[in-house]
1. Please work out if LYS70 is touching a strand residue (DSSP E or B) at 6+ places or on another chain (Cβ under 9 Å) and either charged (D, E, K, R) or in the same structural domain as PHE186 (by TED's automatic domain parsing) (or both).
2. So, in the stretch 201-230, exactly how many residues are β-branched (Val, Ile, Thr), closer than 17 Å to VAL159 by Cα and in contact (Cβ under 8 Å) with a residue 12 or more places away in the chain?
3. Is it true that THR117 is in a helix (DSSP H, G or I), modelled with pLDDT of 80 or more, among the polar types (S, T, N, Q) and surrounded by 11 or more Cβ atoms within 10 Å (Cβ to Cβ)?
4. Looking only at the stretch 2-15, how many residues end up being over 19 Å from VAL53 (Cβ atoms) and of a type outside the set (D, E, K, R)?
5. When you go through ILE107, ILE147 one by one, which is the residue that is crowded, with 17+ Cβ neighbours inside 10 Å and outside the structural domain of ARG43 (by TED's automatic domain parsing)?
6. Going residue by residue through the stretch 177-184, is there one that turns out to be in contact (Cβ under 8 Å) with a residue 12 or more places away in the chain and assigned to a helix (DSSP H, G or I)?
7. So if I check each of ALA183, ALA213, ALA227, which one is surrounded by 12 or more Cβ atoms within 10 Å (Cβ to Cβ) and touching a His at 6+ places or on another chain (Cβ under 7 Å)?
8. Of all residues in the stretch 151-171, count the ones that are surrounded by fewer than 17 Cβ atoms within 10 Å (Cβ to Cβ), assigned to a helix (DSSP H, G or I) and not acidic (Asp, Glu).
Amino acid sequence: MPAVFISSTSEDLKPYRAAARDAALRAGFRPDMMEYFGVGGTRPPLGECLAKVSASDVVVVLVAHRYGWKPSEPPGDGSKSVTWLECEHAVSPVRLEDALQHPRLVITGDPGAGKTTFLRHIAFKMCDAPTARLPILIRIAELADHIRACRDQHKGPTVAAAPGWLPHWLAARSTEFGWGLDAHFFERKLKDGEAAVLLDGLDEAPNRTEREAMARLLENATPTTNAASW
């Protein structure tokens, strides 16, 4: 079960921490928070807090008006709150190889920051590794165009959010570029966990309706391709 570390000041945010804990449990996460440290009401050592952050898959930060405890033990120097230090620790640089070990990975950034270039770099690196999963780079705008065109011609799956559109689009790309691979090949790779799906540009779908349709399609595809990396 993936772990989520909940970071915030405590005394002023107890009901919000409880709400975050309950939301994490409903989403299938194991919450880790200072209430579980078992230190008898005393402040836990900073090192223990940072170790909990390192061991978590997700860090949720709740921020209000109270600044909170400012530890002086390294890496603290008495000027930053423990929540601040936990956030800094959570965003510490990691090696690409380590990041790709996670079955679900999200890359964020401002427009023009280089997310597409970075995804292509990941795909090329995975092609160089003989034991890596098959990288499948999907531009959301191109997938949306394919679905729209096929539905206009009454081709392909009958529902716009059907997960079958992924292998259908990939087979069409294979025909276009002469890869010699059919929809069944891509279906098997996705279902057997032999693929890594790299999604680019969800916000580039032409309108809100298609963005929402793409989001539903991907939500529907995840359970049927749960062994694949996304």
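1. no
2. 1
3. Spelling it out, it is not the case that THR117 is in a helix (DSSP H, G or I), modelled with pLDDT of 80 or more, among the polar types (S, T, N, Q) and surrounded by 11 or more Cβ atoms within 10 Å (Cβ to Cβ).
4. Final tally of qualifying residues: 1.
5. Step by step, each of ILE107, ILE147 is checked, and only ILE147 is crowded, with 17+ Cβ neighbours inside 10 Å and outside the structural domain of ARG43 (by TED's automatic domain parsing).
6. The answer is yes, given that some residue of the stretch 177-184 is in contact (Cβ under 8 Å) with a residue 12 or more places away in the chain and assigned to a helix (DSSP H, G or I).
7. Selected residue: ALA183, the only one of ALA183, ALA213, ALA227 that is surrounded by 12 or more Cβ atoms within 10 Å (Cβ to Cβ) and touching a His at 6+ places or on another chain (Cβ under 7 Å).
8. Residues flagged as surrounded by fewer than 17 Cβ atoms within 10 Å (Cβ to Cβ), assigned to a helix (DSSP H, G or I) and not acidic (Asp, Glu) within the stretch 151-171 amount to 1.
The values are calculated or read from the model by the stated rules, or taken from the named source; none is laboratory data. Keep in mind the model is a prediction, meaning the values are calculated, not measured. Virtual Cβ from ideal backbone geometry, glycine too; neighbours counted across all protein chains shown.
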